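**Student:** The following block contains the structure, expressed as structure tokens.
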Amino acid sequence: MKLICTHCFIEKDSSLFSKDKYKKTGHRSRCKECNKIDHLKRYTNDPEGQKERSKNYRQRIKETNPEKLFIHNRKTKLKRDYNLTLEQYEIMLKEQNGVCFLCNSLPNKKLLAVDHCHKTNKVRKLLCSNCNTALGLFKDDINVLNKAISYLKENQWNLNA
């Protein structure tokens, strides 16, 4: 479907417009590019005012609908840090039956962490906070992990006492 932007008056594909369930077309009247340019202008002309408006908006949402803010922040972090959507995270969680890939424990108060390779940034699995931290402390070094495994095997007599 083609739409005409009310700002630049260019006919563009509907995928170039943000969705808006309250509009008849299901999309905003301005294209994403015009919205971006307008936002940058406002931010450049009044950066402190824009920061204040954003802060006030987040505070209103936090007070009126904290779940919405939590979901928004979660989506933003997943996309920014791991290039994952919330739906992709949920699929991974379901595939792991909602438990840590390594120790099979249910997440406590925190959600399962997205484990990723720090060199390639490739997402691996979902881990509990303890397992994710442990791998991070070992710096994903297989040699150190193997040495730790050998150490634990050699000192297993402590567990049988």
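The values are calculated or read from the model by the stated rules, or taken from the named source; none is laboratory data. Please read these numbers as outputs of a predicted model, since none were measured by experiment. For neighbour counting, all protein chains shown are included, and Cβ atoms are generated from backbone atoms with ideal geometry for every residue, glycine included. Accessible surface is based on the protein model in full, side chains and every heavy atom, while ligands, DNA and RNA are left aside. Shrake-Rupley method; radii C 1.70, N 1.55, O 1.52, S 1.80 Å.
**Student:** Which residues' amide hydrogens lie under 5 Å from the amide hydrogen of residue 84, considering only partners 5 or more residues apart or on another chain, with H built in the peptide plane?
**Tutor:** Long-range HN contacts for residue 84: 79.
**Student:** Measure of size requested: the Rg and Dmax of the stretch 1-132, with Cα atoms as the atom set and Å as the unit; please supply both.
**Tutor:** Reported Rg and Dmax, both Å: 19.5, 56.
**Student:** Right, next: Please arrange 44, 85 by accessible surface area, largest first, computed with a 1.4 Å probe and ligands excluded.
**Tutor:** 44, 85
**Student:** May I ask you to rank 82, 57, 151, 22 by accessible area, largest first, using a 1.4 Å probe over the protein chains only?
**Tutor:** Most to least solvent-accessible, the answer reads 22, 151, 57, 82.
**Student:** Something else now. Just to verify a number: what accessible area does residue 102 come out at with the full protein assembly present, 1.4 Å probe, Å² rounded to tens?
**Tutor:** 100
**Student:** When the accessible area of the stretch 1-55 is computed with all protein chains present and a 1.4 Å probe, what percentage of it is carbon and sulfur?
**Tutor:** The computed percentage sits at 54.
**Student:** Per residue, what accessible area does the chain have, given a 1.4 Å probe and all protein chains present, in Å²?
**Tutor:** 80
**Student:** Place +1 on the Cβ of every Lys and Arg and -1 on the Cβ of every Asp and Glu in the chain, take the dipole about the Cα centre, and give the residue among 84, 64, 34 whose Cα lies farthest towards its positive end.
**Tutor:** The residue sitting farthest along the positive end of the dipole is 34.
**Student:** Go through the stretch 9-18 residue by residue and turn each phi into a ³J(HN,Hα) via Karplus (6.51, -1.76, 1.60, θ = phi - 60°); whole Hz please, and just put x for glycine and proline.
**Tutor:** Running phi through 6.51 cos²θ - 1.76 cosθ + 1.60 with θ = phi - 60° gives 6, 9, 7, 9, 5, 4, 5, 8, 10, 5 Hz.
**Student:** Okay, next question. Quick one: how many Å² of residue 149 are accessible to a 1.4 Å probe, rounded to 10?
**Tutor:** Accessible area of residue 149: about 90 Å².
**Student:** Additional query: Order 11, 90, most accessible first, counting only protein heavy atoms with a 1.4 angstrom probe.
**Tutor:** Most to least solvent-accessible, the answer reads 11, 90.
**Student:** With label points built 7 Å along Cα→Cβ from the Cα atoms of residue 85 and residue 133, find their separation and express it in nm.
**Tutor:** Once both label points are built, they end up 3.3 nm from each other.
**Student:** Taking K and R as +1 and D and E as -1, what net charge do the other residues with C-beta under 12 Å from the C-beta of residue 46 add up to?
**Tutor:** +2
**Student:** Around residue 146, what is the net charge, scoring Lys/Arg as +1 and Asp/Glu as -1 over all other residues with Cβ under 13 Å from its Cβ?
**Tutor:** -1
**Student:** So what is the calculated 222 nm ellipticity per residue for the chain, using -39500 (n - 2.57) for each DSSP H run with n of 4 or more, over all residues, to the nearest 500 deg cm²/dmol?
**Tutor:** -16500 deg cm²/dmol
**Student:** Using 0.36 nm times the number of residues separating residue 68 and residue 146, minus their current alpha carbon distance, what extension gain do you get?
**Tutor:** 23.7 nm
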